[in-house]
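The values are calculated or read from the model by the stated rules, or taken from the named source; none is laboratory data. It should be emphasised that the depicted structure is a prediction, and the values quoted were computed from it without experimental measurement. Ideal geometry is used to build each Cβ from the backbone, glycine not excepted, and the neighbour counts take in all protein chains shown. Quick note on the areas: whole protein, heavy atoms, side chains included, nothing else; ligands and nucleic acids left out. Shrake-Rupley method; radii C 1.70, N 1.55, O 1.52, S 1.80 Å.
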Amino acid sequence: MSKQAAFNTTSNLRFFYAQELSSLSSVVKPFPVSQPRLSCVNNTLVKELGLSNLINNEDNLLKALFMPDGILQKQSIAQKYGGHQFGHWNPQLGDGRGLLLAQVETTKSDLVDLHLKGAGPTPYSRHADGRAVLRSTIREYLGSEAVHHLGIPSSRSLALISSKEPVMRENLERGAMMIRTCPSHIRFGHFEYFFHNGEFEKLDALFEYCFKYHFAHLADTENPHLALLSEICSTSARMIAHWQAYGFNHGVMNTDNMSIHGITFDYGPYAFLDDFISNYICNKSDHSGRYAFEQQPSIGLWNLNALAHAFSRYLSIDQIKQALSIFEPTFLDIYHSLMAKRLGLNNHNNIELSQNFVKILADEFADYHSSFRELSNSIVQIADGDLRSFSDRFKQKDAMQAWTSKYAREIVRQERSPESTQIYMLDTNPKFILRNHLMQKAIIKAENDDFTAVDELIEVVSRPFAEHPEFEHLAMPPSTKEKGIALSCSS
C-alpha cells in the first residue's frame, strides 16, 4: 500500500452507529482549524487500539480528518440527544462541537468510539462556533487520563491538536481539538430525548443497537430492559463511589453528561479536592450548589430516575423501582470498601474509623490527598506505637492522636504486617493528584507553544502512586493564593 493511501484504510475501523442509527444523527464533516499541530499523543493507548500509523503521524492524521476522502471524516456524524441541565429538561441538545468519527474494533471484539471534540459547527450547535479552546482541551486531556489511572472508569485521551485559530469565550483564546475514546458516547440524554419526543421507533432502535453492540450479555436475559437499567444503576453507583473516595468533583452532572457505561466523561469545570470541603463547588456557574461534591451521590440517583422514564414503555413501575433500588447499597458498599482500602484495612465494615478520619480532615480543612499519603508513609511508626509523628501534623493533635490510637489497634490485628500494609497503601493513595493550580501553569505555557509542563503532568498522573523524585514539586499542595481557581462551564 502506498503512503498516500495509508491514511484512508484502517482495517479495524467500524461505522456501526453511523450506518445503523443514521436517523438518530446528522452527517457532519470536521471543519479544519488554522495551523493545526499534533501536540499530544497517548502513545500507549494508540498502540493498544492498533492506530499507530494513523494517529502518531501528524500528516496522516490531519489528512484522515480533513481531506474529502479521509477515513476519519468519511462517515463522521453528530448525535442527537437532550438532557436535564441543572434539573431542567432541555430537548435542544446534541453534539454541538463534537463528532463521532468511527469505532475501533479491538482484539477482544469490543468497540471503542473515536470522537473529535472541537470539530466545528453542527446542526445542534445552537448558533455557537462548535469549537473547543486549548485551555479546556488540555484540562480534558489531562483529567480523563488522571481519573483513569486512579482506577476510576473514564473516557480516555488519544490525541490533542492545537491551533492558532482564535476562539472567543470569556476572552479571545486559541482553538484546539481532541480525539477521545470510550465504549460509546450514548448518554442518558439519548434515551430521554426520543422518549420525551414520542419517537418510539427510534427509541426502540436505540435499545436494539445497545443490546447488539454494547450489552450483548444482557440480550438473552429474561428481561433485557430490566437487566440494562439495573446494570446502568450499578455501574453509575460504582463510578460515583470512586469519585467520592478519591475526592473528585465533576461539576456538571447534567443527564446529557452521564454515560450509560458508568464512566466519567464530558470533563468541564471538574476539580480534585485540595482542602477537604464536603460542600465544595468547583463550577462557579453552579449558583445553587446542585453539583457540589457532597451532592454527587444523590444527583446520580436523580439522574437515574430521569433516565428510568425512558424505560417505562418496557418496564412496570415496580420493575423500575427494583432497578433503582440497586444504586444506594451498591454505592455505599463500594465507597466503604474503597475507604477501608485507603486506610489499609481488610475489613470494610469498619465504617466509623474512616468516617472519623474524614471528619477531622473536614473540621480543619486539611489537604485530602496529602493526608492519606502521609498516613501511608507513617503506618509502620503508628503500628510500633509512635502516634505523635503523624497526629502532630494536624491542628487537632489530640483528636487525631485518639483516632490514631484506635486505628493502630486495627492495623496490628491484621494478618498482614505493617510493612506489607504500607506497600499496599502507597499503591492505593496517590502521591500525585491533578490539581487545578498545576494545570493552570501548564496551560499558560502551552498557550505559548510549550507543552513540557503538560507532558510532565501526563507522566505523573499516568503513574500517580510512584515516587517520581524528579517531579517532587508536582506533589505539593497549592499555596493559599493558588487555591480556589474559578472554573466555568467553558472550562
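For segment 150-170, indicate whether the set of residues that are part of a loop (DSSP other than H, G, I, E, B), open to solvent by 40 Å² or more (accessible area, probe 1.4 Å) and without any contact (Cβ under 8 Å) to a residue 24 or more places away in the chain is non-empty. No: segment 150-170 contains no residue that is part of a loop (DSSP other than H, G, I, E, B), open to solvent by 40 Å² or more (accessible area, probe 1.4 Å) and without any contact (Cβ under 8 Å) to a residue 24 or more places away in the chain. Close contacts from segment 457-483, counting a first residue that is of a type outside the set (Asp, Glu) and a second that is open to solvent by 60 Å² or more (accessible area, probe 1.4 Å), with Cβ to Cβ under 8 Å and a gap of 6+ residues or different chains, come to PHE465/ASP427; HIS468/GLU459; PHE471/GLU456; PHE471/GLU459; LEU474/GLU456. Of the listed requirements (1) part of a strand (DSSP E or B); (2) within 27 Å of TYR246 (Cα to Cα); (3) free of Cβ contacts under 8 Å to residues at least 60 places away in the same chain, ARG180 misses just one: (3). Checking segment 5-27 against the condition returns a match, with at least one residue being at pLDDT below 95, open to solvent by 50 Å² or more (accessible area, probe 1.4 Å) and not charged (D, E, K, R).
Does segment 259-269 contain at least one residue that is open to solvent by 10 Å² or more (accessible area, probe 1.4 Å), acidic (Asp, Glu) and not in a helix (DSSP H, G or I)? Yes, the conditions are met somewhere in segment 259-269.
Selection of first residues in segment 362-388 that are closer than 23 Å to ARG416 by Cα and of second residues that are acidic (Asp, Glu) and in a helix (DSSP H, G or I), restricted to Cβ pairs under 7 Å at least 6 apart or on distinct chains, gives the following pairs, ordered by first then second residue: VAL380/GLU419.
The single condition from (1) open to solvent by 10 Å² or more (accessible area, probe 1.4 Å); (2) in contact with a strand residue (DSSP E or B) (Cβ under 8 Å, 6 or more places away or on another chain); (3) closer than 27 Å to ASN305 by Cβ that ASP129 fails is (3). So, in segment 237-250, how many residues would count as being in a loop (DSSP other than H, G, I, E, B) and in contact with a Leu (Cβ under 7 Å, 6 or more places away or on another chain)? Residues meeting the conditions: 2. Of the residues making up segment 117-144, those that are in contact with an Asp or Glu (Cβ under 7 Å, 6 or more places away or on another chain) and part of a helix (DSSP H, G or I) are LEU134, ARG135. For segment 205-243, the tally of residues that are within 19 Å of CYS182 (Cβ to Cβ) and open to solvent by 20 Å² or more (accessible area, probe 1.4 Å) stands at 11.
Go through segment 361-420 and give me each residue that's in contact with a Pro (Cβ under 9 Å, 6 or more places away or on another chain), within 30 Å of GLY484 (Cβ to Cβ) and of a type in the set (D, E, K, R). Hits for segment 361-420 are ASP367, ARG373.
The residue that is nearest to HIS148 (Cα to Cα), counting only those in segment 460-491 that are open to solvent by 70 Å² or more (accessible area, probe 1.4 Å) and at pLDDT 95 or above, is ARG463.
May I ask you to list the residues in segment 411-459 that are open to solvent by less than 50 Å² (accessible area, probe 1.4 Å) and more than 19 Å from GLY143 (Cβ to Cβ)? Result: ILE411, GLN414, SER417, PRO418, THR421, GLN422, MET425, LEU426, THR428, ASN429.
So, in segment 275-306, how many residues would count as being open to solvent by less than 30 Å² (accessible area, probe 1.4 Å), assigned to a loop (DSSP other than H, G, I, E, B) and touching a residue at least 40 places away in the same chain (Cβ under 8 Å)?
6
I'd like to verify a number: residues in segment 171-190 that are open to solvent by 10 Å² or more (accessible area, probe 1.4 Å) and closer than 25 Å to LYS108 by Cβ, how many?
Total satisfying the criteria: 1.
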